[in-house]
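Written out below as structure tokens is the structure these notes cover.
Since every read-out is calculated from the coordinates, none of them should be taken as a lab result. Please read all numbers here as calculations on a predicted model, not as lab measurements. With ideal geometry, Cβ positions are generated from the backbone for all residues, glycine too; neighbour counts draw on all protein chains shown.
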Amino acid sequence: MKIVVTIKQTFTTEAKIAVDGGAISDKGIKQIVNPYDEFAVEQAIKIKESGGAEEVVVLTIGPERAGEALRQCLAMGADAAFRVWDDSLAAPGAWDVYATVLAGALEKMKPWELLLAGWVAVDDNAAIVVQRAAETLGIPQVLVVNKLDVGDGKVTAVREMDGYREVVEAPLPALVTADKALNTPRYPTLPNIMKAKRKPLTVWTLEDIGVTAGSAGFTRTGLALPPAKTGAKIVEGEPEEAAVALADLLHTEAKVI
Amino acid sequence: MSRVLVYVEHDGEAIRKGSRQALGVAASIGGAQVEALVIGKGAAGVAAKLGAYGVTKVHAVEYDGAYATGVWTGAAQSAAGDGDCLILASHTSFARDFAPRLGARLSCPQVSDIVELSGDLGGIEVKRPIFAGKAFETLKSEAGRLIVTLRPNAFAEPEAGGGGAPEINEIAVPEVPAALQTTVIEVLKPDTEEIDLTEADVIVSGGIGVGGPEGFDTLRPLQKTLGAALGSSRAAVLAGWISPDHQVGQTGKTVSPQLYIACGISGAIQHRAGMSSSKCIVAINKDPQAPIFEIADYGIVADLFKVVPAFNEAIAKIKAS
């Protein structure tokens, strides 16, 4: 069995966001594998280590810099990596285009039986692209998964719903997206980081995967940081008195109680 | 005049809060013809209630089973039809699952988890948080067919009332090919019925300052008095004091309640990202330098174990009066 994991390079979650010239500035910001994608990569490697798969391949859509994120996945234990890029993909709001590109690349990478990804990217918070590609590819999905078994031509997964969980089965090939309780991603060891440098990393253009990008459904017309807060109104006094005064303020001033 | 189709989620009787908010957004679009899609057991009964929200036509699928991607996507595709249509849904676990696939089927763009919407089909503008609320982007689409999911609690709930009985279009349960069939084999309900964080009006949240798993017991009475959901910081989850379902932040839930009470939470950027869009933020923390005070509206610098019980008592008195 071959497993494909789609990943995205994102800012670390500690990153301070600044806007520069109408775009989000990446100046001085450390970029990582999207944390949820890292759970997906770890799961794929675990499946391979337990004999459930022969090959783990990672795929990303991203500029040259995203190659670093792929190397990280190779150092964790993935066997090969693919990066698709075209400068026309740099504009935000193009989830529909990204899904077309991803589906094209995944079509070219066939045959594979399991598609893994993080459930959401912590930067654009969209959770659209890989599911949309799965529909195009005609495979089922189980999203936001915290436990996964693969075998007998199917996946059995525990998925997070609003306020409860479900155990769900789906036939392979299938898409499963990872949530944070799925596993604990490993840190690559130094020998594995060295080894990763010799693993194959293939770069594809849109022409290579036979896709015409088309125009995006959305264009970004504005970007802003949240309005600055002026700081809290500190309620003074002994703790018990302050507590009573605070309750009163929430009732009479903020009117939230 | 544009056609707006709202996916309405329900429990067999009541309409989910996020869906009521989506109906409000639909009604606010001038001159729109508002239709709804209702799927599940009791769909007909829910459909009949929708006239009060300005819905003139309901696409109803009476369906007895658990949520299934193929059924929901197929039903939404039938309801959307061929022409121009704005499809709205609250950004719930169901919509998160079927909306992207619907976008592929209808070959139309989708945008998710938005907090503002203006304009009309052909020139719609939406605002949405990125980097978990550390920035907001505005996006525009000129598409005639569009799917938009709305962040729960980001939109006001409309007043329901009046309206005639909507026209009902019954849709048969869509056939799902075997290769696409997902089967729910077990539903795991939590031991205690907790209020869902994403739809909660009030959240009482604890961090490292609660000192241990038993520290959350200090917050429980206040949570109960306020009818609040219980949140936590990532640090408290990593310490194993509370289950990850409660985590608010960039790698947890993103919430926007009316009132967020942060108890013993320092306010790391990771946490602030998930809750900074709350309408009113209260911080209770011993450390006057804690960054949570920068984004809080009200604060008390003191030991939460002294403040919270007194605060709870005071709130209970206000509620009783």
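With the dipole of chain A worked out from charges on the C-beta (+1 for Lys and Arg, -1 for Asp and Glu) around the Cα centre, which of A:LEU206, A:ASN146, A:MET161 lies farthest toward the positive end?
Highest projection toward the positive end goes to A:LEU206.
Which shape class, rounded, prolate or oblate, goes with the stretch A:179-257 when its Cα gyration tensor gives a ≥ b ≥ c as root eigenvalues, a/c under 1.5 marks rounded, and past that a/b bigger than b/c marks prolate?
Taking the square roots of the gyration eigenvalues as a ≥ b ≥ c, the stretch A:179-257 is oblate.
Take every Cα pair under 8 Å in the stretch B:197-320 that's 6+ residues apart, average their separations, divide by the length, and report that relative contact order as a whole percent.
Computed over the stretch B:197-320, the figure is 25 percent.
In sequence order, what are the phi-derived ³J(HN,Hα) couplings for the stretch A:197-205 according to the Karplus relation 6.51 cos²θ - 1.76 cosθ + 1.60 with θ = phi - 60°, rounded to whole Hz, with x for glycine and proline?
For the stretch A:197-205, the Karplus-derived couplings read 5, 9, 6, x, 10, 9, 10, 10, 8 Hz, x marking Gly and Pro.
For the stretch B:211-276, max minus min Cα coordinate along each principal axis, in Å, sorted largest first?
Sorted from largest, the Cα extents of the stretch B:211-276 read 28, 27, 20 Å.
Place +1 on the Cβ of every Lys and Arg and -1 on the Cβ of every Asp and Glu in chain B, take the dipole about the Cα centre, and give the residue among B:ILE171, B:ASN285, B:ALA48 whose Cα lies farthest towards its positive end.
Positive-most Cα among the choices belongs to B:ASN285.
Straight distance only, please: which lysines reach the Cα of A:LYS110 with their own Cα at less than 17 Å, same-chain residues fewer than 8 apart left out?
A:LYS2
Counting only DSSP beta bridges with both residues in chain B, tell me the antiparallel percent, nearest 5.
Given both bridge residues lie in chain B, the antiparallel proportion sits at roughly 20 percent.
Under the rule a/c < 1.5 gives rounded, and otherwise a/b versus b/c splits prolate from oblate, where does the stretch A:106-257 land using the Cα gyration tensor?
prolate
Across the stretch A:242-257, in residue order, what do the Karplus-derived ³J(HN,Hα) couplings come to in whole Hz, using 6.51 cos²θ - 1.76 cosθ + 1.60 with θ = phi - 60° and x for Gly and Pro?
4, 4, 5, 5, 5, 4, 5, 4, 5, 7, 8, 9, 7, 6, 9, 10
What does the C-alpha gyration tensor say about the overall shape of the protein assembly as shown? Classify as rounded when a/c is under 1.5, otherwise prolate if a/b is larger than b/c, or oblate.
Judged from the Cα gyration tensor, the protein assembly as shown comes out oblate (a/c at least 1.5, b/c at or above a/b).
Partner chain Cβ atoms within 10 Å, averaged over the residues of B:305-317 - can you pull that number for me?
5
Shielding of B:274-287 by partners, i.e. mean partner chain Cβ atoms within 10 Å per residue?
2
By DSSP, what percent of the beta bridges with both residues in the stretch B:3-180 are antiparallel, rounded to the nearest 5?
Antiparallel bridges make up about 30 percent of those DSSP assigns within the stretch B:3-180.
May I ask what percent, to the nearest 5, of DSSP beta bridges between residues of chain A are antiparallel?
40
Let me spell out the model: positive unit charges on the Cβ of Lys and Arg, negative unit charges on the Cβ of Asp and Glu, origin at the Cα centre of the stretch B:209-321. What dipole size does that give, in debye rounded to 20?
240
Is there a simple number for the mean count of other chain Cβ atoms within 10 Å of the Cβ of residues in B:95-106, and what is it?
6
Using the alpha-carbon centroid of each, what span in Å lies between the stretch B:42-103 and the stretch A:1-68?
What the calculation gives is 33 Å, centre to centre.
Report, by chain and number, residues whose modeled amide H sits under 5 Å from the one on A:GLU55, excluding near sequence neighbours (fewer than 5 apart, same chain).
A:ILE3
Near A:LYS30, which aspartates and glutamates are there with a Cα under 14 Å away, not counting those fewer than 8 places off in the same chain?
Cross-link targets: A:GLU14, A:GLU68, A:ASP123.
In percent, how large is the relative contact order of the stretch A:2-204, given Cα pairs closer than 8 Å and 6 or more residues apart?
Here the relative contact order equals 26 percent.
Filter A:LYS8/A:LYS199; A:LYS46/B:LYS134; B:LYS41/B:LYS279; B:LYS17/B:LYS140; A:LYS27/B:LYS127; A:LYS8/B:LYS140 down to the pairs with a C-alpha to C-alpha distance above 29 Å, please.
Among A:LYS8/A:LYS199; A:LYS46/B:LYS134; B:LYS41/B:LYS279; B:LYS17/B:LYS140; A:LYS27/B:LYS127; A:LYS8/B:LYS140, the Cα-Cα distance tops 29 Å for A:LYS46/B:LYS134; B:LYS41/B:LYS279.
Of the peptides A:24-31, A:224-231, how do they stack up when ordered by the mean number of other Cβ atoms within 10 Å, highest first?
A:24-31, A:224-231
Between the alpha-carbon centers of the stretch B:262-321 and the stretch B:1-27, tell me the distance in whole angstrom.
Comparing the Cα centres of the stretch B:262-321 and the stretch B:1-27, I get a distance of 33 Å.
Run lengths n ≥ 4 of DSSP H only: what is the helix-derived mean residue ellipticity at 222 nm for chain B, with -39500 (n - 2.57) per run over all residues, to the nearest 500?
-8000 deg cm²/dmol
About its Cα centre, how strong a charge dipole does the stretch A:59-213 have in debye, to the nearest 20, once Lys and Arg get +1 and Asp and Glu get -1 at the Cβ?
720
Taking only C-alpha pairs under 8 Å that are 6+ residues apart, what is the relative contact order of chain B in percent?
Across chain B, relative contact order equals 15 percent.
Measure nothing fancy, just the Cα-based angle from helix A:35-49's long axis to the longest principal axis of chain A, in degrees from 0 to 90, nearest 10.
So the helix axis and the longest Cα principal axis differ by about 40 degrees.
Please go through the stretch A:1-110 and write out the GluC sites (Glu not before Pro) that DSSP classes as loop and that have at most 16 other C-beta atoms within 10 Å.
Taking the stretch A:1-110 and a limit of 16 other Cβ atoms within 10 Å, the loop GluC sites (Glu not before Pro) found are A:GLU14, A:GLU54.
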